């Protein structure tokens, strides 16, 4: 087991390295730079700024400088928000994104699984069709449609929620982005859970359990549901990482000062270090969550053993 | 004697996409205390659905009607709670699929203890003692350790023993066994049957044995019910039914065991195929960064000589390497050793060099549903070889040949534009044979061609293959785990185990005077009548 | 004997077609989708508006089945025009479909003053009816120009119906083309990997695994931001992201096909790779590919809309549903139709595509149910 953990961490390093390298060179071979856009900067001052940030060096030298700093855990200064380092920007934006993301994840896992199980137990009954229709809707509607619609209906018309701003995470401000973020995941979890639960309920060992006169509760919860949860477990890892990605739209629309917003602002302003920092952050999250979900899978399923 | 279970006018219907399907039309069955009855029938006869219906275990779209009297209670229409007080305590079941009938996520101990505690007042440690006792009773080695094992860590036979232990733990009055040995290898089959018979004697419960295998019926059952198309067509004492069958169908079933022997070819017959010291190794696992690959010897130094008009039967249990050997001989798999075809060494032939020879050596597979391409018509399927080997042939000429080939295998040639899914299993196997003989080959490898078929159909296919052999002087390499069919088809037998040859000899030598213990076990398991 | 008449068989394709026909949601969706496609192709030419034409008089007017200008607005409109022409309005009246406007001025009035009427979006063919001899008084006439804005107009005063249909054309086209890019790459890559098998397969799939670990949405955004908002680049970026799933599916299919006994039978018969590909692999793999394509197109449309929403996709004056939804959500206060109409078009199309995809899956692969 320890060996497996070690090997997984070891394979993460080349992946991360690849991501950093591709992103870095993509950014630097593109025309333009962080200080080209602000017209009115006299050339001497521009040259001065670029010297401070080592942007006058050849790209490969900048690359190794960046890697060197990164090895010390230094993500560098933001080029645009001159007084902040990238790490400081994350210290502000990451907690916000994590808060929204984890609530959305919790909501979609709990409500989604419950809906899926309910639909499977009432397979081909009205409630099943109802849940399937809802789930189809939820996974078909893109976030950039649901978000403004939620703002329009619950914010502008009904005035139940605030349509923008974070306000230190007050419920009326946070509920909109959380629900918007959760909806597609919730729908997917419900569909997955329904499918795997129907399959589990038809499994041979469930027939055995019924033939042995076990209670409905034991048959459904102990024997069917545990197996049916396996696909959810392997889905949850990438989904959790995806929530941070999905937050680009939600954070933009609801004006939430999170990582997604930071990335978009950074990209539009060519804030190289901020963009690099975000990409690395997301990659680390992705790798970490996939790893955690694989570990969890092994805990639930004795057939999977890592060694 | 008082009946334990009495089934009266049972009907089972399934609501499917094609409308309502009646699986059991009207069945009456009585099981008396302490006796063993068998319900025998071919696939689709409704024998399983009958008992599932009585026990409330039908799929969601199924519905059972009639009376299933256990004492004076009717199981059909009973509430789930009432039913659950009987299932697992008074009546228990074991099933065909040993690999999937246990929950993969819980230990054997956990799964054994749960029903014991549900139906008794035992506390956890007492239930554990009981489970341990049961495992010992079904002769599981190291029962203490096995309690902590998961199903995937055990073999099929062991799992079936666990199922039996689970079913008998609460001292039931009736045990229903639904094809409990079908999915197991023949030698394991015999052990499980023996165990069940001895336990029945020891514990005195009644037993219902659902099976398609008449050998098992003869060996284990006091009385037998014969089912066909959802109805019981004959019932009676096993000895009476076997000696004097009344119904036509029963007669046909009893007569379905392939019979006759094949005489060996003349000693002067030319040699078609020979292989000496053939070996096949598979690399298992191992990747770019992973651990080094494990080498598995699938075929380990087999030699054989096949003459024109001869049938060599290759016998062995699953995993013995018999199919691998045949594919290696046809150079469909990389192998070491010398292989000669019609006197020419083909050991080092590449794909292009092999192509003209492919016409001479054909193969018929086990699965009549997987071996025909589902998107081609039967005509296209059987003429594909002609496109390859006789490219000059016109479409009309090919069509003519297809008609002839279909007639040879007794399929109505007007059906040649139909698709495989429109035919039954036996018909599909005939089509697969037509595809092989259309090229007029010298050798056909028959890879378990009858194993997926019901006994009666099996017999017809065996007869067809023998007729074709006689008419065309064909040589067969006949692979099977079924000794009864091999006895009727082959004149020479090779017994294989774990990739190596156990013994070989003429069919008389092997069948009548087996030298090796392994062969004797196989024989005992197959011809236990 | 030989001329035995062959009975026609029922192929799996016909079976599938029959099953599909029985699936009402899929058929209705297909009809709806055809309708939308036709509408986006010919619709923009039938609305009577160019998708770039701006009507300064009609900025953000709400959807209406009645023609513009509305009668109650005319008085204000005429006053504004006359003021703009530095004239004084004496009176205006409607007479037999034409408007008669009498104006006075302190200076002689030029005849070309009718252009002020023509220039307005509400009137056309302005004419001088009569003029006083000193040229200080004049009566002009003009007919009302009736314009229909069934979906209203956007913030630049452009007809929303025309723009929505144009945007739909772009969205669907992007979906189809980028979908094709993804499918082509995916099918080639997956089938080669599966067909060759062994170490090559392992290597190719390891590459896919690594690509999966990349935060692709971020890469697409970076690509588009740094290399300019280029239409072709967007195709490539979207195609490059979405081919991974296709490659995995096709590889899995190829592997399972290779294990089928009829493939082994073909091999044992000496059929060459070309024959195996044409007669066995392609016909059997077509089903899953078709299913995947119908499910891929909505994904592409969503991704394109996502980029456009962020302002990184399709650029003005062109539009796509994503662009429209973005503009609509910025102006939904007071003009919610700007958001709701394109959102309705986008989601109904996505739903239709999903239902068709589900229907095809049920029809082509009934085991999956």
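Odds and ends about this structure:
- Residue within segment B:58-76 that is in a strand (DSSP E or B), within 14 Å of chain A (Cβ to nearest Cβ) and within 28 Å of the chain's Cα centre (by Cα) present: yes
- Condition check for residue C:147: under 30 Å from residue C:306 (Cβ atoms), at pLDDT 70 or above and crowded, with 17+ Cβ neighbours inside 10 Å: no
- Extreme residue, nearest to residue A:154 (Cα to Cα), among residues of segment C:335-369 that are without any contact (Cβ under 8 Å) to a residue 60 or more places away in the chain and not in a helix (DSSP H, G or I): C:336
- Verdict on residue A:89 being surrounded by fewer than 23 Cβ atoms within 10 Å (Cβ to Cβ) and farther than 29 Å from residue C:298 by Cα: no
- Subset of segment B:367-382 [facing chain C (nearest Cβ under 8 Å) and either under 21 Å from residue B:477 (Cα atoms) or part of a strand (DSSP E or B) (or both)]: B:367, B:370, B:371, B:372
- Segment B:159-176 - residue that is closer than 16 Å to residue B:202 by Cβ and in contact with a helix residue (DSSP H, G or I) (Cβ under 8 Å, 6 or more places away or on another chain) and, of those, surrounded by the most Cβ atoms within 10 Å (Cβ to Cβ): B:165
- When the test is whether a residue is at pLDDT 70 or above, within 25 Å of residue C:175 (Cα to Cα) and either under 38 Å from the mean Cα position of the chain (by Cα) or within 14 Å of chain B (Cβ to nearest Cβ) (or both), residue C:20 passes it.
- Qualifying residues in segment A:182-227 (those that are without any contact (Cβ under 8 Å) to a residue 24 or more places away in the chain and outside any helix (DSSP H, G or I)) - the one nearest to residue A:130 (Cα to Cα): A:202
- Members of segment B:130-157 that are out of contact with any helix residue (DSSP H, G or I) (no Cβ under 8 Å at 6 or more places or on another chain), farther than 22 Å from residue B:204 by Cβ and assigned to a helix (DSSP H, G or I): B:145, B:152, B:153
- Members of segment A:143-172 found to be in contact (Cβ under 8 Å) with a residue 60 or more places away in the chain and either assigned to a helix (DSSP H, G or I) or closer than 21 Å to residue C:302 by Cβ (or both), listed by number: A:143, A:144, A:147, A:148, A:151, A:169
- Wholly enclosed helices (runs of 4 or more DSSP H) of segment A:1-94 bearing at least 2 residues modelled with pLDDT under 80 and either within 13 Å of another protein chain (Cβ to nearest Cβ) or farther than 23 Å from residue A:286 by Cβ (or both): A:2-29, A:43-52
- Filter result for residue C:172 (more than 22 Å from residue C:303 (Cα to Cα), touching a helix residue (DSSP H, G or I) at 6+ places or on another chain (Cβ under 9 Å) and more than 14 Å from chain B (Cβ to nearest Cβ)): no
- Among residues of segment C:181-209, those that are within 14 Å of chain A (Cβ to nearest Cβ) and out of contact with any helix residue (DSSP H, G or I) (no Cβ under 6 Å at 6 or more places or on another chain), counted: 3
- Taken together, the residues in segment B:117-129 that are in a helix (DSSP H, G or I) and over 22 Å from residue B:196 (Cα atoms) amount to 8.
- Taking the criterion of being assigned to a helix (DSSP H, G or I) and either touching a strand residue (DSSP E or B) at 6+ places or on another chain (Cβ under 9 Å) or over 18 Å from residue A:9 (Cβ atoms) (or both), the residues of segment A:283-307 that qualify are A:299, A:300.
- Checking segment B:450-459 against the condition returns a match, with at least one residue being closer than 22 Å to residue B:370 by Cβ and free of Cβ contacts under 8 Å to residues at least 40 places away in the same chain.
- Screening residue B:114 with (1) assigned to a loop (DSSP other than H, G, I, E, B); (2) without any contact (Cβ under 8 Å) to a residue 40 or more places away in the chain; (3) facing chain A (nearest Cβ under 8 Å) gives one miss only, at (1).
- Of all residues making up segment B:318-345, the number that are surrounded by 19 or more Cβ atoms within 10 Å (Cβ to Cβ) and on the phi < 0 side of the Ramachandran plot: 13
- Residue B:385 meets each of the listed conditions (1) surrounded by fewer than 18 Cβ atoms within 10 Å (Cβ to Cβ); (2) in contact with a strand residue (DSSP E or B) (Cβ under 9 Å, 6 or more places away or on another chain); (3) at the interface with chain C (Cβ under 10 Å from one of its Cβ atoms) apart from (1).
- The condition of being more than 9 Å from chain C (Cβ to nearest Cβ), surrounded by fewer than 24 Cβ atoms within 10 Å (Cβ to Cβ) and without any contact (Cβ under 8 Å) to a residue 40 or more places away in the chain holds for only one of A:304, A:284, that being A:304.
- Flag if residue B:329 is within 12 Å of chain C (Cβ to nearest Cβ), closer than 20 Å to residue C:259 by Cα, at pLDDT 85 or above and out of contact with any helix residue (DSSP H, G or I) (no Cβ under 9 Å at 6 or more places or on another chain): yes
- Pairs, first under 15 Å from residue A:183 (Cβ atoms) and within 11 Å of chain C (Cβ to nearest Cβ) in segment A:244-265, second at pLDDT 80 or above and not in a helix (DSSP H, G or I), C-beta under 8 Å, six or more apart: A:247/A:256; A:247/A:258
- Restricting segment B:77-105 to residues that are more than 8 Å from every other protein chain (Cβ to nearest Cβ) and either at positive phi or surrounded by fewer than 21 Cβ atoms within 10 Å (Cβ to Cβ) (or both) leaves a set whose member that is nearest to the chain's Cα centre (by Cα) is B:96.
Okay, residues lined up against (1) in contact with a helix residue (DSSP H, G or I) (Cβ under 7 Å, 6 or more places away or on another chain); (2) modelled with pLDDT of 80 or more:
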{"residue": "B:224", "(1), (2)": "yes, yes"}
{"residue": "B:229", "(1), (2)": "no, yes"}
{"residue": "B:232", "(1), (2)": "no, yes"}
{"residue": "B:250", "(1), (2)": "yes, yes"}
{"residue": "B:260", "(1), (2)": "yes, no"}
{"residue": "B:266", "(1), (2)": "no, no"}
{"residue": "B:272", "(1), (2)": "no, yes"}
{"residue": "B:277", "(1), (2)": "no, yes"}
{"residue": "B:315", "(1), (2)": "yes, yes"}
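- Of all the residues in segment C:297-334, those that are out of contact with any helix residue (DSSP H, G or I) (no Cβ under 8 Å at 6 or more places or on another chain) and within 11 Å of another protein chain (Cβ to nearest Cβ) number 2.
- Any hit, segment B:40-54, residues being closer than 13 Å to residue A:213 by Cα and within 32 Å of the chain's Cα centre (by Cα): no
- Residue that is surrounded by the most Cβ atoms within 10 Å (Cβ to Cβ) [pool: residues in segment B:34-49 that are closer than 24 Å to residue B:77 by Cβ and modelled with pLDDT under 90]: B:47
The values are calculated or read from the model by the stated rules, or taken from the named source; none is laboratory data. From a predicted model like this one, the values you see are computed outputs, not experimental measurements. Cβ coordinates were reconstructed from backbone atoms using ideal geometry, including for glycine residues, and neighbour counts include every protein chain displayed.
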